[in-house]
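Working notes, beginning with the structure itself.
The values are calculated or read from the model by the stated rules, or taken from the named source; none is laboratory data. The structure presented is a predicted model; accordingly, all values stated were derived computationally and were not measured. Neighbour counts run over all protein chains shown; Cβ positions are idealised from the backbone, glycine included. When the accessible area is computed, the model is the full protein with side chains, heavy atoms only, and any ligands, DNA or RNA have been set aside. Shrake-Rupley method; radii C 1.70, N 1.55, O 1.52, S 1.80 Å.
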Amino acid sequence: MKYHGVTLHRKLENNIGLLIFGILFISSIGGLVQVLPSIFQESLKTATENSHLYSAVELTGRDVYIREGCHVCHSQQIRPLLAEVERYGPYSRADEFVYDRPFMWGSKRTGPDLHRIGGKYSDDWHRVHLIDPRSVINNSIMPAYPWLAEWEATDLGDIQKKMSVLRILGHPYTDEEIAAAPEEIAGLSQLDALIIYLQVLGTGLAEEYR
Amino acid sequence: MADMPNDFWSGWIILITLISFIGLVWLVVSVYTAAPPNDAEVDHTTWDDNLKEGMNQAPLWWFWMIFAMMVFSVFYLMLYPGMGSFKGAFQWSQGGQIEERYRVFNDEFTELRAEIAVMPLTEIQADAALMGSASDLFSQNCSACHGYQGQGQANLFPNLNDDIWQWGGSPENIELTLRNGRIGVMASWEALLGQEGVTNVANYVLLLGSPEAEGHPGQARFNQICIACHGIEGTGNPLLGAPDLTDDDWLYGNDLDTLRETLRGGRNGQMPAFGDKLDNAQIRLLVAWLTR
């Protein structure tokens, strides 16, 4: 009898196609168990009273957030742990992210979590903090973003196109909202839009969950 | 997962978990129980003249380690959620865990917090540990705006260490400030004063309290508009949050350009409300800290 461990090993080692298939098969098991069923889980994709549909301005601010890579240092996901709830506020719920495409959960906290930043500070504070973080937090390591105050919100691409695409994905924008969008963002700087986005973050959560 | 889409997916998860588990057991057991390899029968690839793959079995401690981990996973899957919608013998859930933590937390601190909420301020101020907590609370909630020691900063956020209080410095007033927040409301005066008027009144504000102020071209307009809030002498009104304009303490600044900016654009300093975020004991501690 051949030592079967050896023959199987030999086969895999000598047939690169089989090896690739084996690796893909084994590593897909986790996804088949964890990810696939949640794609069919209604509660993760059904809008509720907790879901906030971003306005044209908020959507623009969100694009600034993505472009500047704020999600690289900031998470938007408060875990159900006592210390986090005490620090940041009520823990995040799945239905709060129904209209986040792509979501900004992040995976690393160089700075604090921002999911409930809305209403924590004034617009004035965000303005000085984003233009120069060291002017309010004297030892902050967050980068300064002075150019945002000069760049126009309208430079961020066709807002109507963006909203129509999101509508295909299920965001219920009305024709009127899409038609009014360019006017809403006209005249705003990218900093204004970003602050309006930050101020709405986490504020959609219904009273009963607070 | 609390709400499995349906029984199919629950079964799907259980099935794949079991098959993978059984597959793993088979793999490990068969590797260790198969006949030892006959080195001669295996055609080894040889590298660099004489470098050859050996045919030894993995050490036995490794087998026992994997075996122990398999036993562990069996117990784990019986006690904790993992098998589809089966909740496990412990009925553990993230939501349940945080509720339990909060129960312990509240049991430990509710009484103490109720005590602090009605403690005389002087008693808190005499207790170094309580003042330490108060100082921590300030760092966590307030220092981003008011500066790390409450010294004020950025010409937007007032100094809280001095004796000058825009909204009143009594413990009651400070408590109101913390609970409800404050929004200073001063509209723009540009339309009413015109460019020249703005400069005149700004210059007049700079002279307030000195003898040269009398008869200054800005005086008439000031007396007409500004004294309604800032008082006849310009010394302010804590009910409206209108600051004293005769002292040396300025929130936004007192050079001519800044004053003109203040009058042109108006000012709306915003102190957020903390009534929902902090409990009575925390607010009491902060009031004690601010009036120390």
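Observations on the model:
- Label sites at residue B:101 and residue B:151, each approximated as a point 7 angstrom past Cα along Cα to Cβ, lie 3.6 nm apart.
- Hull volume in cubic angstrom per residue (convex hull over the Cα atoms of the range B:62-199): 306 Å³
- All Cα-Cα separations within the range A:7-96 were binned at 10 Å from zero, giving a P(r) of 12, 21, 30, 17, 14, 6, 0, each value a whole percent of the pairs.
- Build a GNM of chain B with springs between Cα atoms under 10 Å apart, and of B:191, B:34, B:273 the one that fluctuates most is B:34.
- With the charge dipole of the range A:50-209 set up from +1 on Lys and Arg Cβ and -1 on Asp and Glu Cβ about the Cα centre, the Cα lying farthest toward the positive end among the listed residues A:135, A:166, A:118 is that of A:135.
- DSSP H segments from chain A that extend 18 Å or more along their own axis, Cα-based, with Kyte-Doolittle mean of 0.5 or above: A:16-39
- 222 nm mean residue ellipticity, helices alone, for chain A (DSSP H n ≥ 4; -39,500 (n - 2.57); rounded to 500): -14500 deg cm²/dmol
- What a 1.4 Å probe finds exposed on the protein assembly as shown is 59% carbon and sulfur by accessible area, rounded to a whole percent.
- Computed from backbone phi with θ = phi - 60° and the Karplus coefficients 6.51, -1.76 and 1.60, the 3J(HN,Hα) list for the range B:176-184 is 4, 4, 5, 5, 9, x, 9, 10, x Hz; x is used for glycine and proline.
- Compared with the rule-of-thumb size 2.2 N^0.38 Å for a compact globular protein, the protein assembly as shown has a Cα radius of gyration ratio of 1.40.
- Peptides A:54-63, B:72-81 ranked from most to least packed, by the mean per-residue count of other Cβ atoms within 10 Å: A:54-63, B:72-81.
- Kirkwood radius, the range A:26-152, all distinct C-alpha pairs, inverse of mean reciprocal distance: 16.8 Å.
- Equivalent ellipsoid of the range A:165-210: semi-axes from √(5λ) of the C-alpha gyration tensor, largest first, are 23, 19, 9 Å.
- When the helices of chain B are scored as -39500 (n - 2.57) per DSSP H run of n ≥ 4 and the total is divided over every residue, the value at 222 nm lands at -16000 deg cm²/dmol.
- Residue-normalised accessible area of chain A, given per residue in Å² at a 1.4 Å probe: 54 Å²
- Size of the range A:102-183 from its Cα atoms: along the principal axes, largest to smallest, the extents are 46, 30, 21 Å.
- Short-range pairs are left out: with C-alpha atoms under 8 Å and at least six residues apart, the relative contact order of chain B is 21 percent.
- Each of the peptides B:25-33, A:132-140 was scored by the mean count of other Cβ atoms within 10 Å over its residues; in descending order, highest first, they stand as A:132-140, B:25-33.
- Sorted largest first, extent of the range B:7-92 alpha carbons per principal axis (Å): 60, 28, 24
- Global form of the range B:46-126, assessed from the alpha-carbon gyration tensor, a/c cut-off 1.5: prolate
- Largest-first principal axis extents of the Cα set of the range B:188-292 (Å): 52, 28, 23
- Across the alpha-carbon atoms of chain B, the computed radius of gyration and Dmax are 36.3, 115 angstrom.
- Taken residue by residue and averaged, Cβ atoms of other chains lying within 10 Å of the Cβ of B:269-275 number 2.
- Pairs beyond 32 Å (Cα-Cα), from B:87/B:277; A:45/A:120; A:120/B:87; A:108/A:162; A:120/A:162: B:87/B:277; A:120/B:87
- Residue-by-residue Karplus 3J(HN,Hα) for the range B:190-197, coefficients 6.51, -1.76, 1.60, Hz, glycine and proline x: 4, 4, 6, 8, x, 4, 5, x
- Shielding value for A:122-128 is 5, the average number of Cβ atoms from other chains within 10 Å of each residue's Cβ.
- Relative protection proxy for B:207-216, A:80-89, from highest mean packing down: A:80-89, B:207-216 (other beta-carbon atoms within 10 angstrom).
- Averaged over peptide B:99-111, the number of partner chain Cβ atoms lying within 10 Å of each residue's Cβ comes to 1.
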